[in-house]
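S.K.: Got a structure for you, questions after.
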Amino acid sequence: MSKVTKAAKELVRMDRKVAHDAAKHRDKPSVKLLGKLSEGADQPPLLLLGAGTLVVGALLRQPTILRTGARMLASEIVATGMKTVIKRSVDRTRPKKAIETGKHKFEAGDSKEHDQSSFPSGHTAGAVAVAGALAQGAPVRGAAAYALAGGVAAMQLPRGKHYLLDTVAGAAIGFVAQRAASAAVRVTERVIVRAMGRRGRSA
């Protein structure tokens, strides 16, 4: 067994221990309450938040709000797509299920079972992606947005939903998704502006 393989196995072992120790608190009222609040970072609420911000910006004719909404919506869509592809390629038993059964799987696979889709954390990916988009459009709210995203990620461990590595991977996905989505929105905006300019000159 190579040193790299040994190190990887030790990392996974430590990751499991941290998550399982944290999950011992999953039935505490405070954890359940904060866990419910963290569901605000699920896909439907974040999509609604992005779409709502975009609509408000359009109605108020505020380009900055409109652009921020577009970035938020696009970032969540890209993050969801990325984490879905990875989840369909990796089977990892969620901490709560692993504790109950004593069995833990972390390998390449295509299981459709919810209990085997721990890696990566979709809630973390979406929260970080949308927080990044909001911070780009409204820097003054950036710190608060990232703090909320961090809170969402942290809550996944005591809830027994995810391991620490799952949330780290989710955060990385969110960061990349936000950058890619923002670039796409920027290019789209330029295309629209140029098209409108041509239309104005030809009118």
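The values are calculated or read from the model by the stated rules, or taken from the named source; none is laboratory data. Just so it is clear, the structure is predicted and the values come from calculations on it, not from any experiment. Please note: Cβ atoms are built from the backbone with ideal geometry, for glycine as well, and neighbour counts cover all protein chains shown. Protein only, heavy atoms only, side chains kept; ligands, DNA and RNA dropped before computing areas. Shrake-Rupley method; radii C 1.70, N 1.55, O 1.52, S 1.80 Å.
S.K.: Given a Förster distance of 22 angstrom, what is the FRET efficiency for Ala51 paired with Ala147, based on the Cβ-Cβ distance and rounded to 0.05?
M.R.: 0.40
S.K.: Another question, then. For a label point 7 Å from the Cα of Asp42 along Cα→C-beta, name the residues of the range 101-125 whose backbone N is under 15 Å from it.
M.R.: 114-115, 122-124
S.K.: Let me ask something else. Given H placed 1.01 Å from N in the peptide plane, which residues other than close sequence neighbours of Val90 have an amide H under 5 Å from its amide H?
M.R.: Under 5 Å from the amide H of Val90 lie the amide H atoms of Gly109, each far enough along the sequence or on another chain.
S.K.: Calculate the tail of P(r) for the chain: the fraction of all Cα-Cα distances greater than 21 Å, expressed in %.
M.R.: Within the chain, distances greater than 21 Å cover 56 percent of Cα pairs.
S.K.: Sticking with this structure for a sec: Below 18 Å, Cα to Cα, which aspartates and glutamates can Lys103 reach? Residues fewer than 8 away in the same chain don't count.
M.R.: List returned: Glu10, Asp15, Asp21, Asp91, Glu113, Asp115, Asp166.
S.K.: If each Cα of the range 106-156 is one equal point scatterer, what is log10 of I(q)/I(0) from the Debye formula at q = 0.18, 0.27, 0.28, 0.32 Å⁻¹?
M.R.: The Debye formula, applied to the Cα set alone, gives -0.61, -0.94, -0.98, -1.13.
S.K.: Here is a further query. Can you pick out the pairs among Lys3/Lys28; Lys6/Lys28; Lys32/Lys112; Lys3/Lys36; Lys9/Lys97; Lys3/Lys32 whose Cα atoms lie more than 32 Å from each other?
M.R.: On the way: Lys3/Lys28 40 Å; Lys6/Lys28 35 Å; Lys32/Lys112 26 Å; Lys3/Lys36 41 Å; Lys9/Lys97 20 Å; Lys3/Lys32 40 Å.
Over 32 Å Cα-Cα: Lys3/Lys28; Lys6/Lys28; Lys3/Lys36; Lys3/Lys32.
S.K.: Let me ask another. Quick check of the Kirkwood formula: for the range 73-177, what is the inverse mean of 1/r over all pairs of different Cα atoms, in Å? Please report the intermediate quantities before stating the final value.
M.R.: Details: mean 1/r = 0.0726 Å⁻¹.
Taking every pair of different Cα atoms in the range 73-177, averaging 1/r and inverting gives 13.8 Å.
S.K.: Same structure, new question: Calculated from DSSP H runs of 4 or more alone, at -39500 (n - 2.57) each and per residue, what is the 222 nm mean residue ellipticity of the chain, nearest 500?
M.R.: After summing the helix terms and dividing by residue count, I get -25000 deg cm²/dmol.
S.K.: Round to a whole number: what % of the accessible area of the chain belongs to carbon and sulfur, probe 1.4 Å?
M.R.: Numbers: 7530 of 11720 Å².
Of all accessible area on the chain, carbon and sulfur atoms account for 64 percent.
S.K.: Find the relative contact order for the range 1-82 and round it to a whole percent, using C-alpha pairs within less than 8 Å whose residues are 6+ positions apart.
M.R.: After rounding, I find 20 percent.
S.K.: What span do the alpha-carbon atoms of the range 61-117 cover on each of the three principal axes, reported in whole Å from largest to smallest?
M.R.: 56, 20, 13
S.K.: For a quick protection proxy, order the peptides 161-168, 68-75, 125-132, 179-186 by their average other-Cβ count within 10 Å, most packed first.
M.R.: Values: 161-168: 24.1, 68-75: 26.4, 125-132: 31.0, 179-186: 17.6.
Averaged packing, sorted descending, gives the order 125-132, 68-75, 161-168, 179-186.
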